[in-house]
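Here's the structure we're looking at; comments come further down.
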Amino acid sequence: MWGSEGKGFISLVIADLTVISFFANIFVGSSMSYFASKFKTEEILPFAYLWSVLVGILVPLIFRFNNASAYFGYLIMLSVLSSILAANVNLFVGQQNIRMFNIYTALQQIVHIIFILIIVYLIKITSVDAYFLAQIGSFGILLLGSSFQVFKTCDLKRISFSKKIGGKLFNYGWKTQLSAFLQFLNNRLSFYFLEYFKGVVSVGIFSVGIAFSEAIWTVSRSLSVVLYSDVLNNSNADEAIEKTKVSLKISFLVTLSFILAMLLIPGQLYSMIFGKDFSQTKEIILFLSPGILAIAVSNIIGHYFAGINKLR
């Protein structure tokens, strides 16, 4: 609908949002899950919320002057909303409430699509703005729902800021984000190089291949989260290792199956669905496939070591 240039702008903003999430996830990411069973929610959630607002407003200033600067306001709103939502969702993982985690993870895509359809076909906004407005609406609705789930088990009168607890959250969080940043260099840094050397259109074309990659990783990420939650709440080290081995095998085989299935799809079909500019999507997936498989496996290993707090 938005063409290769429109998809390029969307990809750049999402890449910017990913960078911002690295900083936000120091408090709202794995640290929320890890310490959910070790401290009271009232002791860790305030750090996550305050950090989300500060990072969501200040870090986007770095991207104020890139080619997607016209969407700077959207970037700030998306940063704050997505970070606070991430804090709530990751809290569910630490509480072994995988059902709620899965529901809100799935709803992020479903509600986003519903909002896009409403904005495009009912409100008649067909520009790239529709994508970002829909995403803001999606995050907003899910944030309200997840906050209700979180707060009904909290005693708001006991909210506190402990320097000791804040230090532990930060110390654990920055270590997990260091490995996430290295993965970002594999996934998203190429967007910025493509924009610089080839223009926004090439970013849009390449982004379709990346989107397929991330769709394939859904299984690996889901397995990783379940494993991580189990390791956090399991005192039996041998049992945790065995579950990790099983998750590794499943992740490898399922990912390989999806890659082969996508490579069997004729290139003409990609052009028919996404437009003539996207005729090389199959080749892009082929070149990305070794990395897709490697990251699917590393997701499992990384979450195991994060669960036992051996991030080095």
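The values are calculated or read from the model by the stated rules, or taken from the named source; none is laboratory data. All of these numbers come straight from a predicted model, not from anything done at the bench. FYI the Cβ positions are ideal-geometry reconstructions off the backbone, even for glycines, and counts take in every protein chain you see.
Structure above, values below:
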| quantity | calculated |
| --- | --- |
| Residue match in the stretch 141-153 (condition: exposed (fewer than 13 other Cβ atoms within 10 Å of the Cβ) and part of a helix (DSSP H, G or I)) | yes |
| Verdict on A211 being touching a Phe, Trp or Tyr at 6+ places or on another chain (Cβ under 9 Å) and not in a loop (DSSP other than H, G, I, E, B) | no |
| Test: residue in the stretch 63-74 that is closer than 21 Å to I113 by Cβ and within 18 Å of the chain's Cα centre (by Cα) | yes |
| Every residue from the stretch 226-257 that is among the small types (G, A, S) and more than 12 Å from Y304 (Cα to Cα) | S235, S251, S257 |
| Helices (runs of 4 or more DSSP H) within the stretch 1-62 that include 3 or more residues of a type in the set (A, V, I, L, M), at pLDDT below 90 and within 19 Å of the chain's Cα centre (by Cα) | 3-28 |
